[in-house]
1. Would you please name the residue that is farthest from the other protein chains (Cβ to nearest Cβ), looking only at residues in the range A:10-57 that are open to solvent by 50 Å² or more (accessible area, probe 1.4 Å) and away from ligand 2 (no atom under 12 Å from the Cβ)?
2. Report yes if some residue within the range A:111-123 is β-branched (V, I, T), more than 16 Å from ligand 1 (Cβ to nearest atom) and surrounded by 17 or more Cβ atoms within 10 Å (Cβ to Cβ); otherwise report no.
3. State whether the residues of the range A:76-84 include one that is in the same structural domain as A:F163 (by TED's automatic domain parsing) and either within 16 Å of ligand 1 (Cβ to nearest atom) or among the acidic types (D, E) (or both).
4. Looking at the range A:119-137, I want the residues that are over 16 Å from A:L37 (Cα atoms) and have a partner that is within 12 Å of ligand 1 (Cβ to nearest atom) and not acidic (D, E) with Cβ atoms under 6 Å, at least 6 apart or on another chain. Which pairs are those?
5. What is the number of the single condition among (1) open to solvent by 10 Å² or more (accessible area, probe 1.4 Å); (2) more than 13 Å from chain B (Cβ to nearest Cβ) that A:R103 does not meet?
6. In the range A:136-173, which residues are within 16 Å of ligand 1 (Cβ to nearest atom), modelled with pLDDT of 90 or more and farther than 18 Å from A:T101 by Cβ?
7. Of the residues that make up the range A:147-157, is at least one under 19 Å from B:G68 (Cα atoms), within 16 Å of ligand 2 (Cβ to nearest atom) and surrounded by fewer than 17 Cβ atoms within 10 Å (Cβ to Cβ)?
8. Taking only the range A:453-468 into account, find how many residues are under 21 Å from A:E305 (Cα atoms) and open to solvent by 50 Å² or more (accessible area, probe 1.4 Å).
Amino acid sequence: MIISTGINELDKMIDGGLRTSYCYAIKGTAGAGKTVLSLFITHGALQKDIPVLFISTEVESDKIVEYGKSFGMDLQSFIKSGQLSVEKMTLKPQGVNLVQTERFDLSGIIARTKAKLQKINAKLVIFDSITAFFAEFQYEKTARSNFMDFIREITNEDTVLIFTAESQVAEEYATLEEFLVDGVIKIRTELKNNQLIKKISVPKLRSAQPTHFENRFIIDKKGVTIFRSEHPPISLIEEEKTGIGRLDELLGGGIPTGSVILIEVDGETNYFPLFLTSMYHHLSENKGVIIHSNVHMYSSKIVEEFKRSKSDITSHLNEGNVVFIDKYNRSVTAVEAREMSQLMTTDDMISVTVELMEAFAQAKQKVVLFGDLTDDANILSESDFLRYFALQSFNIKERRAIAYSFINFNAISREILARLRTTADIIIRFSRVEYNHYIECLKSSTGATFLPKIVKFNDTVPLIEIIG
Amino acid sequence: MELKVMFFTSPTCGWCPFVEGILKKIIDEVSHLTLEIIDISKEVDKAEEYEIVAIPTIILPNNQRIIGGADEAFIREQLNFFVFMGQS
Ligand SMILES: Nc1ncnc2c1ncn2[C@@H]1O[C@H](COP(=O)(O)OP(=O)(O)OP(=O)(O)O)[C@@H](O)[C@H]1O
Ligand SMILES: [Mg+2]
């Protein structure tokens, strides 16, 4: 039986998924994300009705449930329905004193684990972590060598066993457990451009080709995501530019026409420098610019910002090269705007946009669309929103236009973000660490992806530059 | 006062019969001490209740635990130290 990890990209890295009767190790330094990844794998299995036994050696079981809750998982309901069992297991329960000798085996924890897994018919057992578990043994070597029995007995139950293990920063050699397991999933933290980034790889995989490359591993409020971390682009045939020199270069010369670019920002990162620089560039090529206005992106603000950056777009405005589709009646305040969301349906939006695209096409002008999706995501129902984005993207491709869609990823659900990412051709993500801003590319149609690079903001166009 | 020593054993445990013999011998000598032997392969609920991880585990009346097999001197020493201390 093959069990999906619930993370598509990770499944691909381990030859389609976790195999029952196999044992996997998740290795990583402290804080790498071993527990978080285990939680997501647990949740992924539960959602496919696969019962899970989660053994925690570090924290009490209610802490694990709480940890899940911080990522929006309702583990309690799975416990109630008998699909999940979360157990704290430790050599040294609270209030107990120990004297230890070297002559023991682990049949106690083996028997308990077997009983627990048989009770719920678990197909997946998580053991988080062996490091904390072994730390309580005075004769750690004996415990480690006896852990082999644990692995054998549990995987014999036709289950997947995953244990987590803390690795040392400079650990280059394989540890004992690595020889015993069928697969090793490794999370590594590295400092790149002054930003700590995480990478995930699979250095060992039995009966399949291990993946000899590292992928970008991202943990945020929404959970974990895996993306190819850095890939050189293939060269483009028909390309457009974003107008941000280094970005175009990193993307393999530019962006293909028909691209839908998703730009992910947190609520506080200002995306206007990128937006305005691109818009200015496209206008300078005499393209038609359509802007789906909302409370973050509207005509007077855009004109004002251009003035501040000493760039004149008056002629383009006068020639009608910039069109604002004002969905929510811009004269009202932000709060009222939300209430007036019915002014124009999404279908109206799409058809007006398509009409405009056709008008520009008649004038032999290519079209670039800009929009901030955040409000739409919040106002519309999930299905309406996704339909809207899909339809819009379809029209962009069909008419060989370009769309820049901005989204505050903190304001939408993980599922929605995942769907947007699937539809988008290019994903650009902004991040921040203290006062530094970074930009990275998680996906692109040329295959190009790159890790976070430092961003510099200027007062005049180009308002944004990428360093390095 | 009646005091109980619990001894957790399993069929896989090579040292257990030896330790069990020692425990029986010691406990026979002490009137207020009883011994409960629990084979965790038959009584996994007890293993769960007492959160047993390693075998053998001896639980002394004051919640002190001896993890692993030991010889007579060691076990007597532990019993003297933790159980009889201040009692005799
Ligand atoms: N709700 C959250 N939002 C964003 N990031 C989070 C969230 N919760 C945890 N993290 C990140 O996840 C990481 C911790 O992950 P995790 O607890 O899985 O580490 P670990 O590898 O199990 O470490 P340890 O060895 O200490 O057990 C931290 O770097 C933290 O920044
Ligand atoms: Mg952890």
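1. A:K12
2. Filtering the range A:111-123 down to residues β-branched (V, I, T) leaves A:113, A:120.
Now restrict to residues that are more than 16 Å from ligand 1 (Cβ to nearest atom): A:113, A:120.
If we keep only those that are surrounded by 17 or more Cβ atoms within 10 Å (Cβ to Cβ) as well, we get A:113, A:120.
The answer is yes; a qualifying residue exists.
3. The initial filter retains those residues of the range A:76-84 that are in the same structural domain as A:F163 (by TED's automatic domain parsing), namely A:76-84.
Retained after the next criterion (residues that are either within 16 Å of ligand 1 (Cβ to nearest atom) or among the acidic types (D, E) (or both)): none.
Within the range A:76-84, not a single residue is in the same structural domain as A:F163 (by TED's automatic domain parsing) and either within 16 Å of ligand 1 (Cβ to nearest atom) or among the acidic types (D, E) (or both).
4. Listed by first residue and then by second, the contacts come to A:T131/A:A165; A:A132/A:T57; A:F133/A:T57.
5. It fails just one condition, (2).
6. Selection gives A:I162, A:F163, A:T164, A:A165, A:E166.
7. Here is the first cut: in the range A:147-157, the residues under 19 Å from B:G68 (Cα atoms) are A:147-150.
This time we only want the ones that are within 16 Å of ligand 2 (Cβ to nearest atom), so: none.
No, that holds for no residue.
8. Let us first name the residues in the range A:453-468 that are under 21 Å from A:E305 (Cα atoms), namely A:455-466.
Right, trim to open to solvent by 50 Å² or more (accessible area, probe 1.4 Å) and you get A:456-457, A:459-460, A:462, A:465.
Within the range A:453-468, residues that are under 21 Å from A:E305 (Cα atoms) and open to solvent by 50 Å² or more (accessible area, probe 1.4 Å) number 6.
The values are calculated or read from the model by the stated rules, or taken from the named source; none is laboratory data. Since the structure is predicted, the reported quantities are computational estimates derived from the model, not experimental observations. Please note: Cβ atoms are built from the backbone with ideal geometry, for glycine as well, and neighbour counts cover all protein chains shown. Quick note on the areas: whole protein, heavy atoms, side chains included, nothing else; ligands and nucleic acids left out. Shrake-Rupley method; radii C 1.70, N 1.55, O 1.52, S 1.80 Å.
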